[in-house]
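The values are calculated or read from the model by the stated rules, or taken from the named source; none is laboratory data. Please read these numbers as outputs of a predicted model, since none were measured by experiment. Every residue, glycine among them, receives a Cβ derived from its backbone with ideal geometry; neighbour counts consider all protein chains shown.
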Amino acid sequence: MSNDKKKYEIDMCSGSILKKMLLFSIPLMFSSILQLLFNAADIIVVGRFAGDNSLAAVGSTSSLINLLVNLFIGLSVGANVLVARYYGAKHEKDLSTTVHTAMTLSIMSGIILTIIGVIGAPLILTWMQTPEAVLKLAVLYLRIYFIGMPAMMIYNFGAAILRAVGDTKRPLYFLMIAGIINVVLNLVFVIIFKMDVAGVATATTISQCVSAFLVLRCLMKDKGGIKVELRKLKISRDKFIKILQIGLPAGFQGILFSLSNVFIQSSVNSFGETVVAGNSAASNIEGFVYVSMNSLHQAAISFTSQNVGAAKYERVNKILLTALGCVLIIGAALGNLAFVFGRPLLSLYSNSPQVIEAGMVRLSIICTTYAACGIMDVMVGSLRGLGYSVIPMIVSLIGACALRLICLATVFQLPQFHTIEMVYLTYPISWIITFLAHVICFIIIRRKLSIKWNAGM
């Protein structure tokens, strides 16, 4: 069993950083891409076999789900950093306590989300001005979807623990199994049993339970420090506070990014339905590039945390430079490929030449510069890996959110700059400025920590 365990884990504290970072990132990349494909399958099934109102009902809930889930997903980042640090330091007792605290927190987070979603769905969706024609269906979908929240949280926290020890392969396998079950059940519930949105939501909930069961079983069968024992599930106050210190800022950052995107979307909406449709299709394509780059962000967190825990401080800079180099190549290659093949890709979403051209405008500005977003996120990952989460949150919010909103509120209002191109240009401008600000923060923090480390603290 020990050999089997080692087969999946990656020693991040010795040997080639590049090789191990790729071994870590590629399964993670495929996991995220699969997740997007399975989500797309949900939309396709409900759109083709349940009708436009059902499609609108599912679509109208996505921003709300992201908003509510982001905070708690952020907490799993805190668990990832802490587990990686204790694993690197070989502090078995602290490692075990952190793992049990994280898994208990995942269950509690899931229950809180279920209560909010089931009880608050009608009120929240009404506040969001969900059209009356789809409100009833949207409420039904949301309630069933949120019943599966404890399972979703267990999987996300469990996967974060496995990532912390370098295991990104088994979460990929679990996701593949759950995703296939999700697609099959979608077809059975919607086409055969005519369950409409309830069928899609039920299929999603069941598949989430499957992935949660698989990750929990994996952790319970482990022989090392990340082994989960049900009788040990409880909150350690000390570890809980440390998880919150890193995880809460990450969660709030996700929430505020979601809110800023709502304001940006309203600027896009002002250009009419053709531009809105093109923007929506293009952003779906960009999603695949983004999650590919995000795997390097995750790598920067886990690799940095483990090496800090193992007191291999000299590797921290090398990890950052390797992650930056990888994300630059991946972002530039995939982003520009998405632009080059933009028209055939956009035609999968729409047959309208006008919509395709509107989508190409977005791809030409955002996809071609998307690597800048990747290097910005890697800097954030490195800072979080060092244990600093509040500073990158503040910098990101000022640079990537506030700057965009200020541009839209000032420059965008001038007639000569009131164009959709101007809206899209706010993205790469904010990425570059935020990246440079993060570099300055990293240099200051790294220098400060070097003094501590050299002093033997």
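Descriptive notes on the structure:
- Test: residue in the range 422-431 that is surrounded by 14 or more Cβ atoms within 10 Å (Cβ to Cβ), under 30 Å from Glu314 (Cα atoms) and out of contact with any strand residue (DSSP E or B) (no Cβ under 7 Å at 6 or more places or on another chain): yes
Listed here are the residues, each with its yes/no results for (1) surrounded by fewer than 22 Cβ atoms within 10 Å (Cβ to Cβ); (2) in a loop (DSSP other than H, G, I, E, B).
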{"site": "Val118", "(1), (2)": "yes, no"}
{"site": "Tyr155", "(1), (2)": "no, no"}
{"site": "Asp167", "(1), (2)": "no, yes"}
{"site": "Arg170", "(1), (2)": "yes, no"}
{"site": "Val188", "(1), (2)": "yes, no"}
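- Among residues of the range 131-145, those that are in contact (Cβ under 8 Å) with a residue 60 or more places away in the chain and within 25 Å of the chain's Cα centre (by Cα), counted: 5
- Answer residue from the range 125-153, given it is β-branched (Val, Ile, Thr) and assigned to a helix (DSSP H, G or I) and is farthest from Met103 (Cα to Cα) among those: Val134
- Any hit, the range 445-453, residues being surrounded by fewer than 16 Cβ atoms within 10 Å (Cβ to Cβ), of a type outside the set (A, V, I, L, M) and touching a residue at least 40 places away in the same chain (Cβ under 8 Å): yes
- Flag: Ile398 does not match the condition of being part of a helix (DSSP H, G or I) and modelled with pLDDT of 95 or more.
Condition check ((1) in contact with a helix residue (DSSP H, G or I) (Cβ under 6 Å, 6 or more places away or on another chain); (2) at pLDDT 90 or above; (3) closer than 29 Å to Ala164 by Cβ) across all residues:
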position: Lys242; (1), (2), (3): yes, yes, yes
position: Gly247; (1), (2), (3): yes, yes, yes
position: Leu256; (1), (2), (3): yes, no, yes
position: Ser260; (1), (2), (3): yes, no, no
position: Ile264; (1), (2), (3): no, no, no
position: Ser270; (1), (2), (3): no, no, no
position: Glu273; (1), (2), (3): no, no, no
position: Ala277; (1), (2), (3): yes, no, no
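- Condition met for Leu36 (surrounded by fewer than 17 Cβ atoms within 10 Å (Cβ to Cβ), in contact with a helix residue (DSSP H, G or I) (Cβ under 7 Å, 6 or more places away or on another chain) and not assigned by TED's automatic domain parsing to the domain that holds Arg384): yes
- Scanning the range 112-143 for residues that are in contact with a helix residue (DSSP H, G or I) (Cβ under 6 Å, 6 or more places away or on another chain) and closer than 30 Å to Ile301 by Cβ yields Leu113, Thr114, Gly117.
- Criterion applied to Ala455, Ala437, Ala409 was being touching a helix residue (DSSP H, G or I) at 6+ places or on another chain (Cβ under 7 Å) and farther than 18 Å from Ile366 by Cβ, and the one residue passing it is Ala437.
- Check on Ile375, in contact with a helix residue (DSSP H, G or I) (Cβ under 7 Å, 6 or more places away or on another chain) and either outside the structural domain of Thr274 (by TED's automatic domain parsing) or among the aliphatic types (A, V, I, L, M) (or both): yes
- Residue in the range 424-439 that is free of Cβ contacts under 8 Å to residues at least 40 places away in the same chain, under 19 Å from Val268 (Cα atoms) and not in a helix (DSSP H, G or I) present: no
- For the range 247-282, a tally of residues being under 24 Å from the mean Cα position of the chain (by Cα), aliphatic (A, V, I, L, M) and closer than 22 Å to Gln413 by Cβ returns 5.
- Enumerated helices (runs of 4 or more DSSP H) restricted to the range 1-90, each holding at least 3 residues that are hydrophobic (A, V, I, L, M, F, W, C) and under 29 Å from Phe252 (Cβ atoms): 17-49, 62-89
- Being on the phi < 0 side of the Ramachandran plot and in contact with a Pro (Cβ under 8 Å, 6 or more places away or on another chain) is a condition met by no residue of the range 79-101.
- Comparison of Lys194, Lys227 shows that the only residue that is part of a loop (DSSP other than H, G, I, E, B) and either over 22 Å from Asn80 (Cα atoms) or not assigned by TED's automatic domain parsing to the domain that holds His91 (or both) is Lys194.
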